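The values are calculated or read from the model by the stated rules, or taken from the named source; none is laboratory data. This one's a predicted model, so the numbers in the text were calculated from it and none came from an experiment. With ideal geometry, Cβ positions are generated from the backbone for all residues, glycine too; neighbour counts draw on all protein chains shown. Surface areas here come from the heavy atoms of the whole protein model, side chains and all, with no ligands, DNA or RNA. Shrake-Rupley method; radii C 1.70, N 1.55, O 1.52, S 1.80 Å.
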Amino acid sequence: MPTTRRIDLVLLAVAVVWGSSYLTAKTATDALPVPTVLFVRYGVAAVACAAVLRRFGGLTRDEKAYGCLLGLTQAAVLVLETYGVAHTSAGNAGLIISLTLVLTPVLDRVALPGRFFLAAGVCMAGVGLLVSGNGLRAPGTGDLLMLAAAVVRAGHVVLVGRVTAGRALRPLQLTAV
């Protein structure tokens, strides 16, 4: 199988897993309070990360410091997303969070061509129409929380790029923190 096909399959698999996570989160928040869902979901991840750290070595001072900073921004994203999906549909949540892709370059303050802003406007209008359902309506609380999550996630992505540039931070250890 050519490399491009394998990459396409991996990206498709990531999209399926990522997209289904909103359906799973919606189902979970219908049955349990949001803090419980977050605790269980990330408690399991913390145990797995602790095991990985034991296997692959400890943390440097920079990994601890920058990991805590990035962990706080990631936690903000996860709280906003989980409360957001609890108050909107899984489909709306997935569509709205996709705006992260449009917002990240804007927050990164990269010199962007005018075409980017035209395309970004079309994307935002498209998401607005898709989440409006059977007619234009004001966004609900969950939709606004998901939009806030998209903005914070875009900021987190920019921060990750800036914090890791030129530093010897190991991704596995940074993620574990």
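Taking 7 Å steps out from each Cα toward its Cβ at LEU118 and THR24 produces label points 4.1 nm apart. Shown are THR73, THR27, whose ranking by accessible area with a 1.4 Å probe and every protein chain present, most to least, is THR27, THR73. Between ARG109 and ALA15, the modelled labels are 3.4 nm apart [label points 7 Å from Cα along Cα→Cβ]. Give, as ranges by residue number, the residues of the range 149-177 whose backbone N falls under 13 Å from the point 7 Å along Cα→Cβ of PHE56. Within reach of a label on PHE56: 169-177. Please work out whether the range 73-177 counts as rounded, prolate or oblate from its C-alpha gyration tensor, where a ≥ b ≥ c are the square roots of the eigenvalues and a/c under 1.5 means rounded, while otherwise a/b larger than b/c means prolate and anything else oblate? In terms of gyration-tensor shape, oblate.
Rolling a 1.4 Å probe over the protein heavy atoms gives the chain an accessible area of 62 Å² per residue.
Given springs between every Cα pair under 10 Å in a Gaussian network model of the chain, which of LEU59, LEU118, LEU11 has the largest fluctuation? Result: LEU11 has the largest fluctuation of those listed. Here's the picture: charge each Lys and Arg Cβ at +1 and each Asp and Glu Cβ at -1 in the range 75-177, and of PRO139, VAL177, LEU103 the one pushed furthest to the positive end of that dipole is VAL177.
Length gained on full extension, ARG5 to VAL79, computed as 0.36 nm times the residue gap minus the Cα-Cα distance: 23.1 nm. The label-point distance for TYR42 and THR175, in a model that sets each label 7 Å from Cα toward Cβ, rounds to 1.6 nm.
Using only Cα atoms, find the angle between the long axis of helix 141-164 and the longest principal axis of the chain, and express it within 0 to 90 degrees, rounded to the nearest 10. Between helix and principal axis, roughly 40 degrees.
Hey, how many Å between the Cα centroid of the range 106-177 and the Cα centroid of the range 7-65? What the calculation gives is 19 Å, centre to centre. Rolling a 1.4 Å probe over the protein heavy atoms of the range 51-140, with every protein chain left in place, gives an accessible area that is 68 percent carbon and sulfur. Oblate is the label for the range 50-125, because the ratio a/c of its alpha-carbon gyration tensor axes (a ≥ b ≥ c) is 1.5 or higher and a/b is not greater than b/c.
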